[in-house]
1. Would you compute the Debye intensity of segment 1-90 from its alpha-carbon atoms alone, equal scatterers and no solvent, and pass along log10 I(q)/I(0) at q = 0.12, 0.21, 0.24, 0.26 Å⁻¹ to two decimals?
2. For LEU11, what accessible area in Å² do you get when you roll a 1.4 Å probe over the heavy atoms of the protein chains, rounding to the nearest 10?
3. Please report the Cα spread of segment 36-86 along all three principal axes, rounded to whole Å, starting with the longest.
4. Roughly how many percent of the accessible protein surface of the chain is carbon and sulfur, given a 1.4 Å probe and a whole-percent answer?
5. Mind giving me the FRET efficiency for SER56 and TYR103? R0 is 22 Å, r the Cβ-Cβ distance, nearest 0.05 is fine.
6. Calculate, for the chain, the solvent-accessible area per residue in square angstrom, rolling a 1.4 angstrom probe over the heavy atoms of the protein chains.
7. Quick one: divide the alpha-carbon radius of gyration of segment 50-121 by 2.2 N^0.38 Å and tell me what you get.
8. Can you pull out the chymotrypsin sites (Phe, Trp or Tyr not before Pro) in segment 1-103 whose DSSP state is coil and whose Cβ has at most 13 other Cβ atoms within 10 Å?
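The values are calculated or read from the model by the stated rules, or taken from the named source; none is laboratory data. Keep in mind the model is a prediction, meaning the values are calculated, not measured. Cβ placement follows ideal geometry from the backbone for every residue including glycine, while neighbour counts extend to all protein chains displayed. Remember, those area values only see protein heavy atoms, side chains included, never the ligands or the DNA or RNA. Shrake-Rupley method; radii C 1.70, N 1.55, O 1.52, S 1.80 Å.
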Amino acid sequence: QVRLVESGGGLVQAGGSLRLSCVASGIIFSTNVMRWYRQAPGKQRELVASITSDGSTDYTDSVKGRFTISSPNAKYTVFLQMNSLEPEDTAVYYCNARIRRTYAAAYVEVWGQGTLVTVSS
């Protein structure tokens with residue numbers, strides 16, 4: 001069973017910073033992309049940032065220049081550095097990964113349980 005565990009959420013004032021972490025565990029042969037999503041109250045879940053296995057990154061427009069996604073040499077770990085936070089960033093943030101458990105297996109998506117980020121004005 002593959003698990004994604006997020007941490008680093010919390011309460012911060014507008015203009016502050018938080019760093020989210022996501023660690024994957026279990027039997028994993030490889031991942032090809034890891035992502036951060038968020039879901040604000042009453043809104044649909046949206047893709048915030050993604051990073052591929054070759055290091056390519058992408059961001060939704062509203063966080064460009066403020067958020068940075070990274071995945072260090074330690075495999076199956078992804079971070080989201082969030083700076084200049086705004087009240088509109090308040091949401092539950094979810095880690096997502098496409099993984100395969102063996103060389104021959106198909107990629108499947110795995111989700112974490114989410115971590116709450118609250119930005120006060």
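1. Relative scattering, expressed as log10 I(q)/I(0), comes to -0.38, -1.09, -1.34, -1.48.
2. 130 Å²
3. Computed over segment 36-86, the largest-to-smallest principal extents equal 36, 21, 15 Å.
4. In the chain, the share of accessible area belonging to carbon and sulfur is 49 percent.
5. 0.45
6. With all protein chains present, the chain gives 54 Å² per residue.
7. Against the compact-globule rule of thumb, the ratio is 1.27.
8. Hits after loop and neighbour filter: PHE29, TYR103.
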